[in-house]
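Engineer: First the structure, then my questions, so here it is.
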Amino acid sequence: MLNLYNTLSHRKEKFRSINTGKVGMYVCGPTVYDYIHIGNIRSYLTVDILRRYLEYLGFETRMIKNITDVGHLTQDDIAQADSGEDKLLKKALAEKKTPREIAKFYENYFHATEEKMNILPAHYFPKATAHINQMIKIIEILINKGYAYVKNGNVFFDIAKFPEYGLLSGNTLEKLKIGARLDAHPDKKNPWDFALWLKAPKKHLMRWTSPWGEGYPGWHIECSAMSTEYLGETIDIHTGGEDNIFPHHEAEIAQSQCFTGKKFVNFWVHTRHLLVDGEKMSKSKGNFYTLEDIEKKGFSPMELRLLLLSSHYRSPLNFTWQAMEQAKKNLRKITDFIRDLENLAKEKKTETSTASFPIKKFQEKFESVLNDDLNTPLALTILYELITETNKLISEKKINPTEAKNILNLWQKMNRVFGLFLPATEIPQEIKIMAEKRKETRDQKDFARADEIRKEIEAKGWLIEDNPSGYILKRK
Ligand code: AMP
Ligand code: ZN
């Protein structure tokens, strides 16, 4: 059974879904005013692994990932939560485009990146701007219930009315009062009250009519509206990067629970940041790498995937090019392993030994580390152990075709979780012909010519290893 760390309870808990066999997951998706970077990818990859593993365990999942296309706020504006500049608007003006054009462009980029990273697409990607009516409805109910107040066309959530505020992040009202000072918004009762709706300044391009005048929604309300719409009032899992914990998710809990009177989320899962030179990689700091930057340096999306899987999602990860080099080597090792097994599985030799490879032991170890809060680095260690043990037996000629097929089968199960899309393991036709030619010359005892062909094969990037049943080709 999966034990999953829950930010709300600060401990690992046995995962149980609300409906037997089904899991609803809500993911805070990208704010589409800039390219998504590999830090964002790290967070989406955590959820991808979580979803893949839940599916591996037999759950049917439903994943909703929102697109924030009204861009007045991002996580980087925590302190100025309600007065931060409109990033989408700023970008639109700079690029002489409409905010919608900007959002569409970066949304497409986001989808293309996820596809290259082999991140399973969410079942639905709702957009904030398509849910303004639902947001207005929730805000009206919050006002009627006395949890929110209207002032000069703005609506704020009154956090003094929600005693549970701070349970997720530890930032209770008491602590906030003695902590960092916020520039008081003239219309707020308490500087930490957060905006549900904001009055649009004259030149503000993104505006909607509402019972409180023309304006636009506060950042947090969109996720409460969309998660309720697509997953119901209480949901199994809600995820995001660690910067989402406060104020975004704390605010979501407050407004959702006051709106429905029910618990909002059972499991809160947060990914620690990807760092660069020890600092958070972020759009606003401009210290980020996109997937294209990685590709331009000669690395593939799957090498990046492997690097990100090599650390636990709840440990900070410092990105380095050296670690990318290591990931390249490891992916090569996995690819070679699969190719060798595929070659062995195709061999038509009479099987002298019965299959005895400890498949079950490896599978159990793999599941037990993933059951422990999705420990992907240990799951990879088990894969590397599998490779070492198999290679040893291959060199001792102790793996028969049936065993090769069984190990391949295990790999395919593991890879339903890892999601590594391997480069073609197929050997090019030209190399196969050269290898056959070499075998003929060897059979005719023309070893000098056979050696020349070996060198030609090597020059094309392949190694040839002889064995009793013929030879094995490996990439150099
Ligand atoms: P944004 O587009 O800034 O709203 O971020 C989209 C998602 O990526 C959110 O869940 C963020 O918490 C997450 N995120 C942003 N920066 C990082 C980072 N450096 N490392 C990990 N996750 C991040
Ligand atoms: Zn959100």
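Engineer: Looking only at the stretch 33-56, which residues are aromatic (F, W, Y) and within 16 Å of ligand 2 (Cβ to nearest atom)? If you could, list the steps in order and put the result at the bottom.
Structural biologist: In the first step, residues of the stretch 33-56 are kept if they are aromatic (F, W, Y); the result is 33, 35, 44, 53, 56.
Of everything in the stretch 33-56, those that are aromatic (F, W, Y) and within 16 Å of ligand 2 (Cβ to nearest atom) turn out to be Y33, Y44.
Engineer: List the pairs whose first member sits in the stretch 280-297 and is within 16 Å of ligand 2 (Cβ to nearest atom), whose second member is outside any helix (DSSP H, G or I) and among the charged types (D, E, K, R), and whose Cβ atoms are under 7 Å apart, counting only residues at least 6 apart or on separate chains?
Structural biologist: From residues that are within 16 Å of ligand 2 (Cβ to nearest atom), the pairs are K283/D34.
Quick grid of which residues meet (1) assigned by TED's automatic domain parsing to the domain that holds K87; (2) touching a Leu at 6+ places or on another chain (Cβ under 7 Å); (3) of a type in the set (A, V, I, L, M, F, W, C):
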{"site": "P163", "(1), (2), (3)": "yes, no, no"}
{"site": "G166", "(1), (2), (3)": "yes, yes, no"}
{"site": "T172", "(1), (2), (3)": "yes, no, no"}
{"site": "L176", "(1), (2), (3)": "yes, no, yes"}
{"site": "D187", "(1), (2), (3)": "yes, no, no"}
{"site": "P191", "(1), (2), (3)": "yes, yes, no"}
{"site": "K202", "(1), (2), (3)": "yes, no, no"}
{"site": "S210", "(1), (2), (3)": "yes, no, no"}
{"site": "S227", "(1), (2), (3)": "yes, no, no"}
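Engineer: D193 is checked against (1) closer than 30 Å to M25 by Cβ; (2) touching a residue at least 40 places away in the same chain (Cβ under 8 Å) and fails just one. What number does that condition carry?
Structural biologist: Failing condition for D193: (2).
Engineer: Among the residues of the stretch 83-135, write down those that are touching a His at 6+ places or on another chain (Cβ under 7 Å) and either surrounded by fewer than 17 Cβ atoms within 10 Å (Cβ to Cβ) or aromatic (F, W, Y) (or both).
Structural biologist: Correct list: S83 only.
Engineer: Related question: Working carefully through the options L8, L54, find the one that is among the hydrophobic types (A, V, I, L, M, F, W, C), in a loop (DSSP other than H, G, I, E, B) and in the same structural domain as T234 (by TED's automatic domain parsing).
Structural biologist: Exactly one of L8, L54 is among the hydrophobic types (A, V, I, L, M, F, W, C), in a loop (DSSP other than H, G, I, E, B) and in the same structural domain as T234 (by TED's automatic domain parsing), namely L8.
Engineer: Any chance you could count how many residues in the stretch 57-78 are modelled with pLDDT of 95 or more and within 13 Å of ligand 2 (Cβ to nearest atom)?
Structural biologist: Of the residues in that region, 4 qualify.
Engineer: Which residues, taken from the stretch 235-264, are outside any helix (DSSP H, G or I) and near ligand 2 (Cβ under 9 Å from one of its atoms)?
Structural biologist: H238, G240
Residues checked against (1) modelled with pLDDT of 95 or more; (2) over 16 Å from H249 (Cα atoms); (3) of a type outside the set (A, V, I, L, M):
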{"site": "P126", "(1), (2), (3)": "yes, yes, yes"}
{"site": "Q134", "(1), (2), (3)": "yes, yes, yes"}
{"site": "V150", "(1), (2), (3)": "yes, yes, no"}
{"site": "K161", "(1), (2), (3)": "yes, yes, yes"}
{"site": "I178", "(1), (2), (3)": "no, yes, no"}
{"site": "H185", "(1), (2), (3)": "no, yes, yes"}
{"site": "K189", "(1), (2), (3)": "no, yes, yes"}
{"site": "W192", "(1), (2), (3)": "no, no, yes"}
{"site": "P201", "(1), (2), (3)": "no, yes, yes"}
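Engineer: Here's another thing I want to ask about it. Name the one entry in T209, T228 that is surrounded by fewer than 24 Cβ atoms within 10 Å (Cβ to Cβ) and within 16 Å of ligand 2 (Cβ to nearest atom).
Structural biologist: Details: T209 fails: within 16 Å of ligand 2 (Cβ to nearest atom).
Step by step, each of T209, T228 is checked, and only T228 is surrounded by fewer than 24 Cβ atoms within 10 Å (Cβ to Cβ) and within 16 Å of ligand 2 (Cβ to nearest atom).
Engineer: Give the residue that is nearest to ligand 1 (Cβ to nearest atom), with candidates limited to residues of the stretch 234-274 that are within 20 Å of K12 (Cβ to Cβ) and acidic (D, E).
Structural biologist: E242
Engineer: Filter the helices (runs of 4 or more DSSP H) completely within the stretch 125-234 down to those with at least 2 residues that are in contact with a strand residue (DSSP E or B) (Cβ under 7 Å, 6 or more places away or on another chain). Full working, then the answer.
Structural biologist: Numbers: elements: 132-144, 173-178, 221-231.
By residue number, 132-144, 221-231.
Engineer: Has the stretch 301-310 got at least one residue that is in contact with a His (Cβ under 9 Å, 6 or more places away or on another chain), part of a loop (DSSP other than H, G, I, E, B) and touching a residue at least 60 places away in the same chain (Cβ under 8 Å)?
Structural biologist: No, the conditions are met nowhere in the stretch 301-310.
Engineer: Go through A379, A345, A327 for me and flag whichever is farther than 30 Å from F59 by Cβ and buried (at least 18 other Cβ atoms within 10 Å of the Cβ). Working first, answer last.
Structural biologist: On the way: A379 fails: farther than 30 Å from F59 by Cβ; A327 fails: farther than 30 Å from F59 by Cβ.
The conditions single out A345.
The values are calculated or read from the model by the stated rules, or taken from the named source; none is laboratory data. Bear in mind the structure is a predicted one, so any value in this text is a computation, not a measurement. Virtual Cβ from ideal backbone geometry, glycine too; neighbours counted across all protein chains shown.
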